[in-house]
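Everything on this sheet refers to the single structure shown next.
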Amino acid sequence: MTVTSKGPLCPERQMSPRPYDVAVVGAGVVGTAIARELARHPHLHIALLEASADVGDGTSKANTAILHTGFDAVPGSLEARLVREGQRLLAAYAAESGIPVEPVGALLVAWDDAQLDALPGLLEKAGRNGYDAARIIGADETRAREPHLGPGVLGALDVPGESIICPWTTTLAYATQAVRSGVELHLNTRVETVSSEGGDHLLATSRGALRARFLVNAAGLNADVLDRLVLGAGDFTVTPRRGQLIVFDELARDLVRHILLPVPTALGKGVLVAPTVYGNVLLGPTAEDLDDKEATGTTADGLDGLLTKGRRILPALLDEEVTAVYAGLRAATEHDDYRIRCHKERRYVTVGGIRSTGLTASMAIAAHVAGLIAEADAGLDLEEPVEPAPVHMPNLGEAFPRPYQRADLIATDPAYGTIVCHCERVTRGEIRDALISTVPPASLEGLRRRTRARGGRCQGFYCGAAVRALHEGRGEWGPE
């Protein structure tokens, strides 16, 4: 298994007569899914390149964590098809791999006559997207289903197939399975230039040169930049769309039973209130088109706007404690659909314009990309995939037994009975497991995404020193 984060990229490979068969640029949820899908062909020599120090460290880490049905996608679009297929694939994969999913359903709440009038159109769109379980419900039923909603509810579209999911574990499961199947993961590897040499792609990266026969662009916010490096031009421009979110304490969890969505606008689905698989409640996101692809800070205006909308949706939520605020960037483009294009003559696939639905669609996108590669380059021989060995990821969800609750686990290993992070009830055993895992965390934030340590109401105030000591190898189970 190969995971590197520093030093030159296998210098001997530069002299090797055999380049990588496929290089995937970008180790977010889509890039790792593609790497995992290609790893089903064990004869392929595959590289997964990521500019940052961890997988899922860009747009994927700030996803709103919804497993969509695709009921409101543009009918007939590529996104609609891939979200519909991806929802089915990811739900099955999550059950097999231990990724937490809770099928809580969604209510698309109408607060005025215009929104109420829009519900039949949304119901009809759901039908055209192949989703027939949605139905319109009246104000009384809406309030009975969600008794803490604010005043003025006129009705809702009930979408029972929507679920909440752990986005962190999803990306990590893909990456883990890919690496265990032979994919070479190179972190801290930023692609700087791309040229063509002998029919191969020659990538100059921040860690040296790399040669690949086929190149897949899953670079997220920088997909348009990589397109220009490879093709000299691109057919889309990524506009980073910032989404700020507020996380409320676990004590707020009883206030909301479903994902509460507003009637969508041209900027997206608007501000939602949703439970998370970790037991707390999300309010957000905003939708701010920016120029800066690194503007992941929150703003007073953004958070104030969220609180104003949250007060309308679920007034009692604002009486609860706020655990954290954060912001993520979505890779919006000028187009309404995903921009997945194969440039056969260049042995190159662009996977661009993947919005927040990319988490749901990830496995279907990966299968679609593998199909494009197979069609473009028969020499790679993608005819007979082999299923990789299954992975079982550590459970981060509250709907399933956590290690500290499992007497059988503690009896065999007392480390699972020793809690380090008391807010999130994270044990030394879980931290140890993360530190020695196939794709270990490079930072405390990475450790949080693997264990929830420092993610609770104190945000590491009490456990921070102990967690840091373990991460830095000063604890009993630190890395070598």
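The values are calculated or read from the model by the stated rules, or taken from the named source; none is laboratory data. Small disclaimer: the values here were computed from a predicted structure and weren't measured. Because the Cβ atoms are built from the backbone with ideal geometry, glycine has one as well, and the counts that use them run over all protein chains shown. In case anyone asks, the SASA skips ligands and DNA or RNA and just uses the protein heavy atoms, side chains included. Shrake-Rupley method; radii C 1.70, N 1.55, O 1.52, S 1.80 Å.
Helical runs (DSSP H, four residues minimum) scored at -39500 (n - 2.57) apiece and divided by the length of the chain put the mean residue ellipticity at 222 nm at -9000 deg cm²/dmol. Charging the Cβ of each Asp and Glu at -1 and of each Lys and Arg at +1, and nothing else, the dipole of region 324-375 about its Cα centre rounds to 160 debye. Bridgeable lysines around residue 125 (alpha carbons under 20 Å apart, same-chain partners fewer than 8 residues away excluded): 269. Positive end of the dipole of the chain (Cβ unit charges, origin at the Cα centre): among 237, 464, 258, the Cα lying farthest that way belongs to 464.
Ligands, DNA and RNA are left out, and with a 1.4 angstrom probe the accessible area of the chain is 41 Å² per residue. Along the charge dipole of the chain, pointing to its positive end and built from +1/-1 on Cβ of Lys, Arg, Asp and Glu, which listed residue (226, 175, 277) has its Cα farthest out? Going by the Cα projections, it comes out as 175. Computing the accessible area with a 1.4 Å probe over protein heavy atoms, can you report the carbon and sulfur percentage for region 407-448? So the carbon and sulfur contribution to the accessible surface is 58 percent.
Within the chain, antiparallel bridges make up roughly 70 percent of the DSSP beta bridges whose residues both belong there. Screening the chain for whole DSSP H helices of 18 Å or more along their axis (Cα) with average Kyte-Doolittle hydropathy at least 0.5 returns 358-376.
Summing Cβ point charges (Lys, Arg +1; Asp, Glu -1) relative to the Cα centre of region 354-480 gives a dipole of roughly 1120 debye. Between residue 344 and residue 118, what FRET efficiency follows from the Cβ-Cβ distance if R0 is 51 Å, with the result rounded to 0.05? Computed FRET efficiency for residue 344 and residue 118: 0.75. Nonpolar atom fraction for region 140-233, defined as the carbon and sulfur part of the 1.4 Å probe accessible area, stands at 51 percent.
The amide H of residue 332, built 1.01 Å from its N in the peptide plane, has 239, 241 as neighbours under 5 Å, considering only residues 5 or more places off or on other chains.
Farthest toward the positive end of the dipole of the chain, out of 4, 91, 23, is the Cα of 4, where the dipole comes from beta carbon charges about the Cα centre. Each peptide among 439-449, 22-32 gets the average number of other Cβ atoms lying within 10 Å of its residues, and from highest to lowest they stand as 22-32, 439-449. Distance between the C-alpha centres of region 360-439 and region 174-198: 20 Å, rounded to the whole angstrom.
Suppose R0 equals 41 Å. What FRET efficiency, 1/(1 + (r/R0)^6) with r the Cβ-Cβ distance, do residue 254 and residue 389 give to the nearest 0.05? Efficiency at R0 = 41 Å is approximately 0.55. Taking Cα centre as origin and charging only the Cβ of basic (Lys, Arg, +1) and acidic (Asp, Glu, -1) residues, the dipole magnitude of region 90-147 rounds to 140 debye.
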